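Read the figures in this text as sums done on the coordinates, not as results from a lab. Because the structure is a prediction, the values reported are computed rather than measured. Using ideal geometry, Cβ is built from the backbone for each residue, glycine included, and neighbour counts are taken over all protein chains shown.
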There are 2 protein chains.
Amino acid sequence: MSLAENETATAPAALVPELRAICGEDGVLTDHSQRRTYENDGLAHHREVPGVVVLPTSAEQVAAVVRLCHERGVPFVPRGAGTGLSAGALPHAEGVLLVTSRMRRILEIDVANECAVVEPGVANLDITRAAAPHGYYYAPDPSSQQVCSVGGNVAENSGGAHCLKYGFTVNHVRGLDVVTPSGELVRLGGKAADAPGYDLIGAFVGSEGTLGVATRVVVNLTRTPEKTVTLLSAFESMDAGGGAVSSIIGEGVLPSAIEMMDALAIEAAEAAVACDYPAGAAAVLIVELDGPAAEVDAQVEQVEALCAAAGSFETRTASGAEERALVWKGRKSAFAAVGRISPAYIVQDGVVPRTALSEVLRRITELSADSGIRVANVFHAGDGNLHPLVLFDDTEPGAWDRAEEVSAKILDLCVEHGGSITGEHGVGVDKACKMPRMYGPDDLETFDLFRRSLDPEGTANPDKLLPTPRLCGEQPGVRRDVHPLVASGQATQF
Amino acid sequence: MSLAENETATAPAALVPELRAICGEDGVLTDHSQRRTYENDGLAHHREVPGVVVLPTSAEQVAAVVRLCHERGVPFVPRGAGTGLSAGALPHAEGVLLVTSRMRRILEIDVANECAVVEPGVANLDITRAAAPHGYYYAPDPSSQQVCSVGGNVAENSGGAHCLKYGFTVNHVRGLDVVTPSGELVRLGGKAADAPGYDLIGAFVGSEGTLGVATRVVVNLTRTPEKTVTLLSAFESMDAGGGAVSSIIGEGVLPSAIEMMDALAIEAAEAAVACDYPAGAAAVLIVELDGPAAEVDAQVEQVEALCAAAGSFETRTASGAEERALVWKGRKSAFAAVGRISPAYIVQDGVVPRTALSEVLRRITELSADSGIRVANVFHAGDGNLHPLVLFDDTEPGAWDRAEEVSAKILDLCVEHGGSITGEHGVGVDKACKMPRMYGPDDLETFDLFRRSLDPEGTANPDKLLPTPRLCGEQPGVRRDVHPLVASGQATQF
């Protein structure tokens, strides 16, 4: 029985009858035009049409699909809503793309134990919608939260503007049902605190689909704060804004978010949404404070005074929902807005320790000046998570390469200053070959031993997360010629 | 060259010259009387004299010792201060006991990045002592914090009274240097947030020495709160006290600690330290609130009102350091105090979801009545972490066995109600054979695959944490006859 020409014709084709038996007729997509819909995630310059797409509706179906892949040595790639920014859900041309979009039931809102039990395809914001009537919300808030899936958040350990105070996804996952790469359904953790044994929840969260597929997630619910206030403070230089960040944190205030934008990002946002930020600002800080009203009121005064002392020439304070939305409008539109001042741009994602923030921002300015390539900075200043936008004209030959070079150099700066190659977008395909910049061969070997312990066949999301000769070439830097961090005594790494 | 009769004469004896070359003459103990000092940790009914004891002074020495053990197939057991309560540091008669007590330098207090870098032998409280002049402290506070080591805290994922608000050790470790069981020195995480790759920090914290030895630890420093208030509230029944806990949490107040004691525990504390708790109390709650003064003041009023509404007949509020110490005096002395009303006792450690607290406490009372064995309850009520003290007379034949049976049944109750066999004391040798009560074969196999990926030879703290036929016998319940949680659909487990 041969498939029509436009249907799956490679390795997974042989699996199609069995996949249909598992997921039903409508749970398996073989038509090329349907498969093509899934050819990329949010990082669109990596594309691959999946061999076959399956849409399971239960943990048992997921386990059966994964077990089949394991037995036949066929790669599988898990995918949630496909909003990821590191090509972590890039399909495999000869593999199965396992999409969780039909597993979107909220199974339980358990207010007394302050948790929710959900299927992986549930949209991040839907948990908050379900919990809100009880006075609770789900804290991790990636900017894609309206559409991104909890399963994808688990895979990428997603953060968001408010992870400064509330932490990443890993800090909010209490229990997981997981289908391992060999197709076993295991349960890690649960509603009670601190389960014994290895904390594989921690290792699974952020494993980018390489350790299997989450089929049920127990997440913490967080009490909706009594009061939230958003401050907007304008500065004449990025250094002055950075100084305000340091003094706020140094004084022991823990805002729920501290966001920073530079002149170019402000200009773009102004052009796009007329957000009416203070004229002449070379930097704006958005500082959000939440908690009991008594605490927030005291902290607002403190932050206002600290911003003034750091040289702010204007600070606005917004407490109503509408007023606050206005303050956030510029920040939230910034990425899209940059599209109005540049034909194309690369969104970089790196982290530096807070103390290195000013120095690294200065070096980025120098890099930009030296290369003639504009860089707009919009970032989570409180936890040192930079999101430089590297602007270029994609109609100009070689422009992408030059932008990519600047973008890569920014990551090098982060690593040199003891930071990291990604804050919240993950490694995926996009940065796998950059892992040796952060980790030595022993470190990577330790990761790889762990991966292979659960996935000896290498069928779970291959060529993601860790560098391989296939992915990165046999060039120096992959596994071999890199100095182990520890042996080389790069104390600044720490 | 033969060793003196009282010196190491088993497997590790052959390693002694090499161990001396690594750690120096004074870094290797072979004399029986010296080795015997280390025969048990805080759980004294498990004893074993180690084959040889080494006291390395650097990460390089640790790595060389572990590599040697790996090459020769000799087991090693890491040990910090030896205060653990699950026999996790029980020595191996034919192995090397690797004691970190000489690695006790505080390498850095980095206020701007709110972290400290320390060696594993540093005492928990010494970090707070070093950070206090800067207005910071180290949050995890096991009751042994004056002497227990940070390395031991990492191995056991230690908690304490204040982990309700501040989390366990795993929530405060940002980076680790680790010697893996094959003797490689690797670096996980660092000062910046959210390092890419598998979060092996999370898995390593709480791995009880089975994945290697931490040689350097980067921990979060927490800002010393502006104000701390401690409330003592007395109730006529445990149920009423439990109701107060539920309503405090349900109202969204997050105290730094909520401790509860029952009548027997109060009686013991009163007899021992005359703590002057309200007469006639069948339950007392200690509720500690900390944070900005404005917040704490508002919350104190709220908690007072909630306790009154739940039926408290007396609530005392203490804010000065001395007054607060008086409130804590009874609680802190309770374990030792029980020694005055009973010749011997077993300290159990289990967890239940908050909602199951009242039910499980009632069942413990029934168990106690049915068996005629007294049980005193002193526990972290806020996070459902029970510490029942099972009292018995160790001079009476069979009394230990009957007490142990009640103690084991309490754990079964915890698991039945969706809880866990340990909250903060760990699994060690003591509870390894109880792991199949919580986990099915697939779950345990997944843990074991991970363990073996880093320790294929099984030399790192063998017979701890996971059940083995050697440890638990070939009886049903070990790996074989246990139903997988997921397959058996025990939804209450979650």
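State the percent of C-alpha pairs, over all pairs in region A:118-169, separated by a distance greater than 18 angstrom.
On the way: 303 of 1326 pairs.
Tail of P(r) above 18 Å: 23 percent of Cα pairs.
Please arrange A:Tyr345, B:Tyr138 by counting, for each residue, the other beta carbons lying within 10 Å of its beta carbon, fewest first. Please report the intermediate quantities before stating the final value.
Values: A:Tyr345 22, B:Tyr138 28.
Ascending number of Cβ neighbours within 10 Å: A:Tyr345, B:Tyr138.
Where does region A:171-218 land on Rg/Rh, using Cα atoms and the Kirkwood Rh?
We get a ratio of 0.93 for region A:171-218.
Rg to Rh for chain A: what is it, with Cα atoms only and Rh by Kirkwood? Walk me through the numbers before you get to the answer.
On the way: Rg = 23.1 Å, Rh = 23.7 Å.
Value, to two decimals: 0.97.
A:His32 versus B:Glu236, label points 7 Å from Cα toward the beta carbon: distance in nm?
If labels sit at A:His32 and B:Glu236, their model points lie 8.1 nm apart.
From the C-alpha gyration tensor of region A:345-448, pull out the three semi-axes of the equivalent ellipsoid (sqrt of 5λ each), sorted largest to smallest, in whole Å.
Values: eigenvalues 105, 61, 26 Å².
So the equivalent ellipsoid measures 23, 17, 11 Å along its semi-axes.
In whole Å, largest first, what are the principal axis extents of the Cα atoms in region B:106-223?
That gives 39, 29, 24 Å along the principal axes, largest extent first.
Each residue of region A:111-120 in order: what ³J(HN,Hα) in whole Hz does its phi give by Karplus 6.51 cos²θ - 1.76 cosθ + 1.60, θ = phi - 60°, with x for Gly and Pro?
My calculation for region A:111-120 gives 5, 4, 9, 6, 8, 10, 10, 9, 7, x Hz in order.
Which of B:Pro462, B:His425, B:Phe450 sits farthest toward the positive end of the charge dipole of region B:421-469, with +1 on the Cβ of Lys and Arg and -1 on the Cβ of Asp and Glu?
My answer, from the dipole projection, is B:His425.
Report the calculated FRET efficiency for B:Ala325 and B:Ala271 (r = Cβ-Cβ distance, R0 = 22 Å), to the nearest 0.05.
Details: r = 19 Å, r/R0 = 0.88.
Step by step, r from the Cβ atoms, then E = 0.70.
Where the only charges are on Cβ atoms (+1 Lys, Arg; -1 Asp, Glu), what is the dipole of chain B about its Cα centre, to the nearest 20 debye? If you can, show how the numbers build up before the last one.
Values: 39 positive and 66 negative charges, 145 e Å.
The dipole magnitude comes to about 700 debye.
So what's the gap between the Cα centers of region B:45-117 and region B:391-428, to the nearest angstrom?
Rounded to whole Å, the Cα centres lie 29 Å apart.
Do you know the relative contact order of region A:113-172, to the nearest whole percent, from alpha carbon pairs under 8 angstrom that are 6+ apart?
Values: 79 pairs, mean separation 20.2, N = 60.
Value for region A:113-172: 34 percent.
How large is Rg/Rh for region A:291-354, to two decimals, with Cα atoms and a Kirkwood Rh? Let's see the in-between values first.
Working: Rg = 16.3 Å, Rh = 15.0 Å.
So for region A:291-354, dividing Rg by the Kirkwood Rh gives 1.08.
Find every distance from the label point of B:Pro133 to the corresponding label point in the other copies (7 Å from Cα along Cα→Cβ) and write them in nm, one decimal, shortest first.
Spacings between copies for this position, smallest first, are 5.7 nm.
Could you work out, residue by residue across B:181-188, how many beta carbons of other chains sit within 10 Å of that residue's beta carbon, and then give the average as an integer? Each step should come with its number before you reach the end.
On the way: counts 0, 4, 0, 9, 7, 12, 13, 4.
Other-chain Cβ atoms within 10 Å of each residue's Cβ, averaged: 6.
Distance from a point 7 Å along Cα→Cβ of A:Ala282 to each backbone N in region A:322-366: keep the residues under 12 Å and list them by number.
Hits in region A:322-366 for A:Ala282 at 12 Å: A:362.
Using a 4.7 Å Cβ cut-off, which Cys residues in chain B lack a partner cysteine?
Flagged as lacking a Cys partner: B:Cys23, B:Cys69, B:Cys115, B:Cys148, B:Cys163, B:Cys275, B:Cys307, B:Cys414.
Report the charge-dipole magnitude of region A:106-223 in Debye, nearest 20, computed about the Cα centre from +1 at each Lys and Arg Cβ and -1 at each Asp and Glu Cβ.
So the magnitude is around 220 debye.
Roughly how big is region A:226-340's charge dipole about its Cα centre, with Cβ charges of +1 (Lys, Arg) and -1 (Asp, Glu), in debye to the nearest 20?
On the way: 7 positive and 18 negative charges, 79 e Å.
Dipole about the Cα centre, nearest 20: 380 debye.
Can you compute the FRET efficiency between A:Arg362 and A:Asp401 using 1/(1 + (r/R0)^6), with r the Cβ-Cβ distance and R0 = 22 Å? Round to the nearest 0.05. Intermediate values should be presented prior to the final figure.
Details: r = 25 Å, r/R0 = 1.13.
Efficiency at R0 = 22 Å is approximately 0.30.
Using DSSP to call loops (not H, G, I, E or B), can you name the trypsin sites (Lys or Arg not before Pro) in region A:46-117 whose Cβ has at most 14 other Cβ atoms within 10 angstrom? Numbers along the way, then the final one.
Values: sites: A:Arg47, A:Arg67, A:Arg72, A:Arg79, A:Arg102, A:Arg104, A:Arg105; in loops: A:Arg47, A:Arg102, A:Arg104, A:Arg105.
The qualifying sites are A:Arg47, A:Arg105.
Provide the convex hull volume over Cα atoms per residue for region A:250-305, in Å³. Show your work: numbers first, answer last.
On the way: hull volume 5.9 nm³, N = 56.
Cα convex hull per residue, to the nearest whole number: 106 Å³.
If contacts are Cα pairs under 8 angstrom and at least 6 residues apart, what is the relative contact order of chain B in percent? Mind showing how you got there, number by number?
Values: 1086 pairs, mean separation 66.9, N = 494.
With pairs under 8 Å counted, the relative contact order is 14 percent.
So if I restrict to the alpha-carbon atoms in region A:226-340, what is the Rg, and what is Dmax, the biggest pairwise distance, in Å?
13.4, 42
Sort A:Lys165, A:Lys431 by Cβ crowding within 10 Å, fewest neighbours at the top. List each step's numbers first, then the result.
On the way: A:Lys165 17, A:Lys431 25.
Ranking A:Lys165, A:Lys431 by Cβ neighbours within 10 Å, fewest first, gives A:Lys165, A:Lys431.
Placing a label point 7 Å from Cα toward Cβ, how far apart in nm is A:Glu94 from its equivalents in the other copies, listed shortest first to one decimal?
In ascending order, 4.8 nm.
Using only the Cα atoms of the protein assembly as shown, what are the Rg and Dmax in Å?
Here Rg and the maximum Cα pair distance are 28.4, 90 Å.
Can you list the equivalent-ellipsoid semi-axes of region A:11-99, largest first and in whole Å, using the square root of 5 times each Cα gyration tensor eigenvalue? Write out the running numbers ahead of the final one.
Working: eigenvalues 83, 33, 29 Å².
Listed largest to smallest, the semi-axes of region A:11-99 are 20, 13, 12 Å.
Which order results if A:Ser143, A:Ser407 are arranged by neighbouring Cβ count within 10 Å, fewest first? Intermediate results must be reported in sequence, preceding the final value.
Working: A:Ser143 16, A:Ser407 23.
Ranking A:Ser143, A:Ser407 by Cβ neighbours within 10 Å, fewest first, gives A:Ser143, A:Ser407.
Using a label point 7 Å beyond Cα on the Cα-Cβ vector, give me the inter-copy distances for B:Glu404 in nanometres, one decimal, shortest first.
Reported distances to equivalent positions: 6.5 nm.
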